[in-house]
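Asker: Here's a structure for you.
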Amino acid sequence: MMHISEMFSARVPRYTSYPTAPHFHSGIDSASYHSWLATLEPTTALSLYVHIPFCDTLCWFCGCHTTVVNHYDPVKNYCGFLLKEIDLVAAALGTRHRVQHLHWGGGSPTMLKDEDVGNLNAALRDRFEIAADAEFAIEIDPRGFGSKNAKLFAQAGVTRASIGLQDCDPQVQRAINRIQTDEETSQAIAMLRAEGIRSINLDLVYGLPRQSLQSWEKTLAFALKLNPDRLAVFGYAHVPTFKKHQSLIPEALLPDIETRFRMAELARDTLCHHGFVAIGLDHFARPHDKLAQSARDGSLERNFQGYTTDGAPVLIGLGASAIGSLPQGYAQNVSDVPAYRKMLERDILPIKGGIRIDVEDRIRRQVIESLMCDLKADLDDVTARYGMTREMLSDSLTALSGYAADGVVSLDGGKITIAPEWRAATRLVCAAFDTYFAQGTVGHSVSV
Ligand SMILES: C[S@@+](CC[C@H](N)C(=O)[O-])C[C@H]1O[C@@H](n2cnc3c(N)ncnc32)[C@H](O)[C@@H]1O
Ligand code: SF4
């Protein structure tokens, strides 16, 4: 049996897409994306993601595409370009498509002032037919969040708020440069609920500097007191080669891999003991929540925002670094805000790259998504949908034999099931189906 630290030191993707973003290339450009949009059936339902890449201060652990701004001008200016991108995308689509899921993420969309929230919301509603029962989720930094913000988002139609809690221990907060009092978090939630935004998600992160199992237990207890509907419990992805500011966190302060594994276990045991259902790898939901319902009925999906109940076949990404998922493949916007602006000034869709996906990619993507969502996959079933047989995946199955011998997975012909106690190994099992993975693993974090 392999030791936990040895097993989880492998660096693997988080599989929010397949193929994953490091394998996107510049062969997919604005013209390719334009033609992909233009050929969508007018009746195709869409999901929209809008990226706001700005924050007030920089959290040293942050892995998101964001920049710190000291004044509002760059945010205001960016919002103007977002409106232009919305116009260009809508023109390429040619039809006012129905939207059933809208997500504003970042960075911190809570940076936006009233006028820009209003303009952005109006432009989206003008160019797309946002369904009356659409889910509208927004990511919220509770620091400095006030009742005016809560009112503004409620009026814009927000139905679900995702709140960054991360960790409530003062020592940990200092070590990540994110000072956030318990009151700030609980008041933000109370204000959102008072305005009628009732679906509340909390983001927690384990594996942060100065965290211990004892401090983590307190953070979990505080999170439970806030009575959220959902929780996302992420393992800290420490990749200072790519996120330079993370080198402000001394590696000596980071919990080791075995402790990370214990923290993930403690979160699962604690949350499940308090009535939450474990969803996929790192999410938890109340049994009545839509996420738990879709996990039960097998309709759970995974996209760039994590786990979703969103059934739309197409995701349109708007804003710097945003990624779209279309029938033909993935397309990503440039991440750098000045470059994003320059392309839009020239009236071209701000695409930096992407990847076209073939039948084999689709099959492997379906297997990986099933494993990430349901902790199981049926290779015969998935391959048959494309007129193939599971023999095409025999190399991947062979790669899993070590895990099968260790009881991490059980293999029954083409049926793979991850043992519940080895949920944390899901990304490692998925990597066996990732043919691009061997081509370079530098950009990933440890697998627990
Ligand atoms: C865009 S932020 C959420 C909204 C807001 N900016 C905030 O921090 O409160 C998205 C979430 O990603 C997670 N995250 C950011 N950097 C991470 C990293 N390096 N490893 C793991 N999770 C990370 C955090 O839990 C964070 O709440
Ligand atoms: S964690 Fe959130 S608030 Fe902190 S820098 Fe990242 S995006 Fe900004």
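Readers should treat all values here as calculations from the given coordinates under stated rules, not as data from a laboratory. Note that the coordinates shown come from a computational prediction; the quantities given were computed from them, not determined experimentally. So basically every Cβ, Gly included, is an ideal-geometry build from the backbone, and we count neighbours across all protein chains shown.
Asker: Give a quick list of trypsin sites (Lys or Arg not before Pro) in region 85-119 that DSSP marks as loop, anything other than H, G, I, E or B, with at most 16 other Cβ atoms within 10 Å. Intermediate results must be reported in sequence, preceding the final value.
Answerer: On the way: sites: Arg96, Arg98, Lys113; in loops: Arg96, Lys113.
Loop-located and lightly packed - Arg96, Lys113.
Asker: For the chain, count the residues as N, evaluate 2.2 N^0.38 Å, and divide the Cα radius of gyration by that value, please. The partial results should precede the final answer.
Answerer: Values: Rg = 21.3 Å, N = 448, 2.2 N^0.38 = 22.4 Å.
Output field value: 0.95.
Asker: Shifting gears a bit: Would you mind calculating the relative contact order of the chain from Cα pairs under 8 angstrom and at least 6 residues apart, reporting the percent as a whole number?
Answerer: Details: 814 pairs, mean separation 98.5, N = 448.
It comes to 22 percent, rounded to a whole number.
Asker: On to the next question. Taking the DSSP beta bridges in region 16-318 as the whole, what percent of them are antiparallel, to the nearest 5?
Answerer: Approximately 20 percent, going by the DSSP bridge assignments.
Asker: Right, next: Which far-off residues, 5 or more places away or on another chain, put their amide H under 5 Å from the one on Ser47, with H placed in the peptide plane?
Answerer: Val314, Leu315, Ile316
Asker: As a quick test, which of the pairs Lys76/Lys352; Lys290/Lys352; Lys84/Lys352; Lys148/Lys243; Lys76/Lys151; Lys113/Lys244 have an alpha carbon distance above 25 angstrom in this structure? Write down the numbers at each step before the final one.
Answerer: Numbers: Lys76/Lys352 23 Å; Lys290/Lys352 34 Å; Lys84/Lys352 17 Å; Lys148/Lys243 33 Å; Lys76/Lys151 20 Å; Lys113/Lys244 29 Å.
In this structure, Lys290/Lys352; Lys148/Lys243; Lys113/Lys244 lie more than 25 Å apart at Cα.
Asker: Mind checking which of Arg296, Arg160, Arg178 has the largest fluctuation in a GNM of the chain, springs on alpha carbons under 10 Å?
Answerer: Answer for the Gaussian network model of the chain: Arg296.
Asker: Counting other beta carbons within 10 Å of each residue's own, what order do Trp36, Trp104, Trp60 fall into, fewest first? Before the final figure, lay out the partial values.
Answerer: Details: Trp36 22, Trp104 29, Trp60 18.
Taking fewest neighbouring Cβ atoms as first place, the list is Trp60, Trp36, Trp104.
Asker: Still on this structure: Taking Cα pairs under 8 Å and at least six residues apart, what relative contact order does region 277-355 come out at, in percent? Spell out each step's value before the answer.
Answerer: Values: 107 pairs, mean separation 12.9, N = 79.
The normalised contact order for region 277-355 reaches 16 percent.
Asker: If we count other beta carbons within 10 Å of each Cβ, what is the order of Asp182, Asp73, Asp203, fewest first? Walk me through the numbers before you get to the answer.
Answerer: Working: Asp182 12, Asp73 9, Asp203 19.
Ordered by Cβ neighbours within 10 Å, fewest first: Asp73, Asp182, Asp203.
Asker: As a footprinting exposure proxy, order Ser370, Ser35 by other Cβ within 10 Å, with the fewest listed first. Before the final figure, lay out each step's value.
Answerer: On the way: Ser370 21, Ser35 11.
Lowest to highest Cβ neighbour count: Ser35, Ser370.
Asker: Report the dimensions of region 144-260 along its three principal axes from the alpha-carbon atoms, largest first, rounded to Å.
Answerer: Principal-axis extents of region 144-260 (Cα, largest first): 45, 29, 20 Å.
Asker: With +1 assigned to the C-beta of every Lys and Arg and -1 to the C-beta of every Asp and Glu, and no other charges, what is the dipole magnitude of region 359-434 about the Cα centre in debye, to the nearest 20? Mind showing how you got there, number by number?
Answerer: Details: 9 positive and 13 negative charges, 32 e Å.
The dipole magnitude comes to about 160 debye.
Asker: Summing -39500 (n - 2.57) over the DSSP H runs of n ≥ 4 in the chain and dividing by its residue number, what mean residue ellipticity at 222 nm do you reach, to the nearest 500 deg cm²/dmol? Present the calculation step by step, with values, prior to reporting the outcome.
Answerer: Numbers: 16 runs with 164 residues, N = 448.
Per the formula, -11000 deg cm²/dmol.
Asker: Identify which of His101, His274, His51 has the largest mean-square fluctuation in a Gaussian network model of the chain, with springs joining Cα atoms closer than 10 Å.
Answerer: Maximum fluctuation in the GNM of the chain, among the listed residues, is at His274.
Asker: Tell me which of Thr20, His283, Tyr33 sits at the most positive position along the dipole axis of region 16-318, charges placed on C-beta atoms (Lys, Arg +1; Asp, Glu -1).
Answerer: Checking the options against the dipole of region 16-318, the answer is His283.
Asker: Using the Cα centre of region 108-156 as the reference point, and only Cβ charges (+1 on K/R, -1 on D/E), how large is the resulting charge dipole? Debye, rounded to the nearest 20.
Answerer: Working: 6 positive and 9 negative charges, 46 e Å.
It works out to roughly 220 debye.
Asker: First check a/c for region 257-333, with a ≥ b ≥ c the square roots of the eigenvalues of its C-alpha gyration tensor; if it is under 1.5, answer rounded, and if not, answer prolate when a/b is larger than b/c or oblate otherwise. Walk me through the numbers before you get to the answer.
Answerer: Values: a/c = 3.19, a/b = 1.64, b/c = 1.95.
Since a/c reaches 1.5 but b/c is at least a/b, the shape of region 257-333 is classed as oblate.
Asker: Compute the whole-percent fraction of alpha carbon pairs in region 116-208 spaced more than 20 Å apart.
Answerer: On the way: 1789 of 4278 pairs.
Of all Cα-Cα pairs in region 116-208, 42 percent lie more than 20 Å apart.
Asker: What is the dipole size for the chain, taken about its Cα centre, with +1 at each Lys and Arg Cβ and -1 at each Asp and Glu Cβ, in debye to the nearest 20? Before the final figure, lay out the partial values.
Answerer: On the way: 44 positive and 52 negative charges, 121 e Å.
The dipole magnitude comes to about 580 debye.
Asker: With a cut-off of 18 Å, note down the residues of region 61-81 whose backbone N falls inside the zone around a label point 7 Å from the Cα of Arg346 toward its beta carbon.
Answerer: 81
Asker: With the chain treated as a Gaussian network of Cα nodes joined by springs under 10 Å, which of Ala150, Ala91, Ala267 yields the largest mean-square fluctuation?
Answerer: Ala91
Asker: Skipping prolines and chain starts, which residues have an amide H placed within reach, meaning under 5 Å, of the one on Gln166, given they are 5 or more residues away or on another chain?
Answerer: Placed amide hydrogens put Asp203, Leu204, Val205 under 5 Å from Gln166.
Asker: Applying the Karplus parametrisation 6.51 cos²θ - 1.76 cosθ + 1.60 with θ = phi - 60° to the phi angles of region 320-329, what ³J(HN,Hα) value in whole Hz is obtained for each residue in order, glycine and proline being reported as x?
Answerer: Values per residue, Gly and Pro as x: 4, 6, 5, 10, x, 10, 10, x, 7, x Hz.
Asker: Another one. If the viscosity is 0.890 mPa s and the temperature 25 °C, what Stokes-Einstein diffusion coefficient in µm²/s follows for region 284-371 when Rh is the Kirkwood radius over Cα pairs? Don't skip to the answer; put the middle values down first.
Answerer: Values: Rh = 14.9 Å.
After rounding, the answer is 165 µm²/s.
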